[in-house]
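J.: Here you go, one structure.
The values are calculated or read from the model by the stated rules, or taken from the named source; none is laboratory data. Everything quoted here is computed from the prediction, not taken from an experiment. Counting neighbours? That spans all protein chains shown, and the Cβs are built from the backbone with ideal geometry, glycine included.
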Amino acid sequence: MASEDTIIHAQLEVGDCTAELSVNGIPATRIAWSPTRIPIENVAAAQLLIPGTNMLELLVEPGATPSVARTDKRELPFKKMWAVARLVRFHDGASGLPEEGEILAEVKFRWEDASLDRQTFPQSTAIQVEMGAAFGRWAWQDAPELVQGDALREEANAVLDEVEAAIRAFHADRFWSLTELQIADVLRAYPAVTEGFLRSDLATMFDHYRKMKDPVMARDRDAQDFRLVAGDKLLHCIDKDWSTTFKLRDPDDASAVPYTIMLGRIGGKLRIVR
């Protein structure tokens, strides 16, 4: 499974619909189709794979906000739409198009028959794929299930506060400590990546954001829509508009830079694991 010249991507491709792709219950990517948006996206997925049986899921026309993505039921009139979710292994240098990789798993949705004039959404389609030993068992797999509520939300925001403080102070060692579980998994999932490279990359990132007086965008708690994923073992820090709750501010144009954070309870504390 582990190879320095290949990489496994979760790939989502859509036509005239919105869809979300998840691997083992962990959201990997979402595309809301528009004529001006590239309708295909690849996301490195090795850190989402687990030993043995893995689940690739395609959720078509999710609910209005992340927390009701599966439960916000509504009927939609017919229009031609389609979506495909894949796990694809690519060799280094490949373009990322499906035909240039080895498709490990693929699940499709298609609505072309106008005789079915209405359907209820969201619709979920999933497929299982065996990945052998993958990259070993992750700590979050043995974490307890989380319970949604105000207490969990406040605990999660306290973690985000710590991350924000480390970035505002440009304290690389503190930031590394807060993300060390995630970093350790990245090093295991991507053999070509070294700790030295990641530390250098972090230093470069901090140098870039030092150009900005305020490198972290303010969080609006009223906009937060945290959701439980991965069998309720992870908390996805996301807002109602589907943007990441934690965002940096680009020094070049002050635009929001998304920063995905998923938390699991490891050793009794919420920790950043993805």
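J.: Does any residue in segment 134-157 that is of a type outside the set (A, V, I, L, M) come within less than 8 Å, Cβ to Cβ, of a residue that is at pLDDT below 95 six or more places away or on a different chain, and which pairs are these?
T.: The qualifying pairs are PHE135/MET1; PHE135/ALA2.
J.: A further question follows. Just to be sure before I move on: is LEU187 part of a helix (DSSP H, G or I) and either within 14 Å of MET262 (Cβ to Cβ) or not charged (D, E, K, R) (or both) in the structure I sent?
T.: Numbers: part of a helix (DSSP H, G or I): yes; either within 14 Å of MET262 (Cβ to Cβ) or not charged (D, E, K, R) (or both): yes.
Judged against the criteria, LEU187 is a match.
J.: Something else: Take the conditions under 29 Å from ASP222 (Cβ atoms), of a type outside the set (Gly, Ala, Ser) and surrounded by 15 or more Cβ atoms within 10 Å (Cβ to Cβ) and apply them to ILE31. Does it pass?
T.: Details: under 29 Å from ASP222 (Cβ atoms): yes; of a type outside the set (Gly, Ala, Ser): yes; surrounded by 15 or more Cβ atoms within 10 Å (Cβ to Cβ): yes.
Answer is yes for this residue.
J.: Determine if segment 101-115 includes at least one residue that is without any contact (Cβ under 8 Å) to a residue 12 or more places away in the chain, assigned by TED's automatic domain parsing to the domain that holds PRO62 and either closer than 16 Å to GLU13 by Cα or among the aromatic types (Phe, Trp, Tyr) (or both).
T.: No, because not a single residue in segment 101-115 is without any contact (Cβ under 8 Å) to a residue 12 or more places away in the chain, assigned by TED's automatic domain parsing to the domain that holds PRO62 and either closer than 16 Å to GLU13 by Cα or among the aromatic types (Phe, Trp, Tyr) (or both).
Residues are listed down the side, and each one gets a yes or a no for (1) among the hydroxyl-bearing types (Ser, Thr, Tyr); (2) more than 27 Å from VAL68 (Cβ to Cβ); (3) loosely packed, with under 15 Cβ neighbours inside 10 Å; (4) outside the structural domain of ALA28 (by TED's automatic domain parsing):
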residue: ARG199; (1), (2), (3), (4): no, yes, yes, yes
residue: ALA203; (1), (2), (3), (4): no, yes, yes, yes
residue: ASP207; (1), (2), (3), (4): no, yes, yes, yes
residue: LYS213; (1), (2), (3), (4): no, yes, yes, yes
residue: VAL216; (1), (2), (3), (4): no, yes, no, yes
residue: GLN224; (1), (2), (3), (4): no, no, no, yes
residue: LYS233; (1), (2), (3), (4): no, no, no, yes
residue: PHE246; (1), (2), (3), (4): no, no, no, yes
residue: PRO258; (1), (2), (3), (4): no, no, yes, yes
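J.: Looking only at segment 33-63, count every residue that is in contact (Cβ under 8 Å) with a residue 60 or more places away in the chain and not acidic (Asp, Glu) and tell me the total. Talk me through it step by step, then tell me what you get.
T.: Step one: of segment 33-63, the residues in contact (Cβ under 8 Å) with a residue 60 or more places away in the chain are 44, 46-62.
From what is left, the residues that are not acidic (Asp, Glu) are 44, 46-56, 58-60, 62.
Final tally of qualifying residues: 16.
J.: Shifting gears a bit: Name every residue in segment 112-123 that is closer than 19 Å to ASP72 by Cα and in contact with a Lys or Arg (Cβ under 7 Å, 6 or more places away or on another chain), in order of residue number. Walk me through how you get there before you give the answer.
T.: Step one: list which residues in segment 112-123 are closer than 19 Å to ASP72 by Cα, which gives 118-123.
THR120, PHE121, PRO122 - these are the residues of segment 112-123 that are closer than 19 Å to ASP72 by Cα and in contact with a Lys or Arg (Cβ under 7 Å, 6 or more places away or on another chain).
J.: On to the next question. Determine the pairs where a residue that is under 17 Å from ASP161 (Cβ atoms), located within segment 252-264, has a partner that is among the aromatic types (Phe, Trp, Tyr) with Cβ atoms under 7 Å apart, the partner being 6 or more residues away or on another chain.
T.: Hits for this filter: TYR259/PHE246; ILE261/PHE246.
J.: State whether one or more residues within segment 119-142 are loosely packed, with under 12 Cβ neighbours inside 10 Å, over 20 Å from the mean Cα position of the chain (by Cα), farther than 24 Å from ALA189 by Cα and not hydroxyl-bearing (Ser, Thr, Tyr).
T.: No: segment 119-142 contains no residue that is loosely packed, with under 12 Cβ neighbours inside 10 Å, over 20 Å from the mean Cα position of the chain (by Cα), farther than 24 Å from ALA189 by Cα and not hydroxyl-bearing (Ser, Thr, Tyr).
So that you can scan it fast, the table gives a plain yes or no per residue for (1) assigned by TED's automatic domain parsing to the domain that holds TRP111; (2) of a type in the set (Lys, Arg); (3) in contact with a Gly (Cβ under 6 Å, 6 or more places away or on another chain); (4) more than 18 Å from SER243 (Cα to Cα):
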{"position": "ALA32", "(1), (2), (3), (4)": "yes, no, no, no"}
{"position": "THR36", "(1), (2), (3), (4)": "yes, no, no, yes"}
{"position": "GLU41", "(1), (2), (3), (4)": "yes, no, no, no"}
{"position": "ALA45", "(1), (2), (3), (4)": "yes, no, no, yes"}
{"position": "PRO51", "(1), (2), (3), (4)": "yes, no, no, yes"}
{"position": "VAL68", "(1), (2), (3), (4)": "yes, no, no, no"}
{"position": "LYS73", "(1), (2), (3), (4)": "yes, yes, no, yes"}
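J.: Tell me which strands (runs of 3 or more DSSP E) are completely within segment 210-274 and hold 2 or more residues being in contact with a Cys (Cβ under 8 Å, 6 or more places away or on another chain), or say none if there are none.
T.: Where strands (runs of 3 or more DSSP E) fall fully within segment 210-274 and carry at least 2 residues being in contact with a Cys (Cβ under 8 Å, 6 or more places away or on another chain), they are 262-266.
J.: For the list (1) among the polar types (S, T, N, Q); (2) under 13 Å from CYS17 (Cβ atoms); (3) in a loop (DSSP other than H, G, I, E, B), I need the number of the one condition that GLN119 fails.
T.: All conditions pass for GLN119, except number (3).
J.: Here's something else I'd like to know. For segment 141-159, indicate whether the set of residues that are of a type in the set (Asp, Glu), in a helix (DSSP H, G or I), within 28 Å of THR194 (Cβ to Cβ) and out of contact with any Gly (no Cβ under 7 Å at 6 or more places or on another chain) is non-empty. Spell out the reasoning first.
T.: So in segment 141-159, the residues of a type in the set (Asp, Glu) come out as 142, 145, 150, 154-155.
Remaining after also requiring in a helix (DSSP H, G or I): 142, 150, 154-155.
Remaining after also requiring within 28 Å of THR194 (Cβ to Cβ): 142.
If we keep only those that are out of contact with any Gly (no Cβ under 7 Å at 6 or more places or on another chain) as well, we get 142.
Looking for residues that are of a type in the set (Asp, Glu), in a helix (DSSP H, G or I), within 28 Å of THR194 (Cβ to Cβ) and out of contact with any Gly (no Cβ under 7 Å at 6 or more places or on another chain), one finds at least one in segment 141-159, hence yes.
J.: Looking only at segment 44-69, how many residues end up being within 30 Å of ASP5 (Cα to Cα), surrounded by 19 or more Cβ atoms within 10 Å (Cβ to Cβ) and either modelled with pLDDT under 95 or more than 15 Å from the chain's Cα centre (by Cα) (or both)?
T.: Here the count works out to 2.
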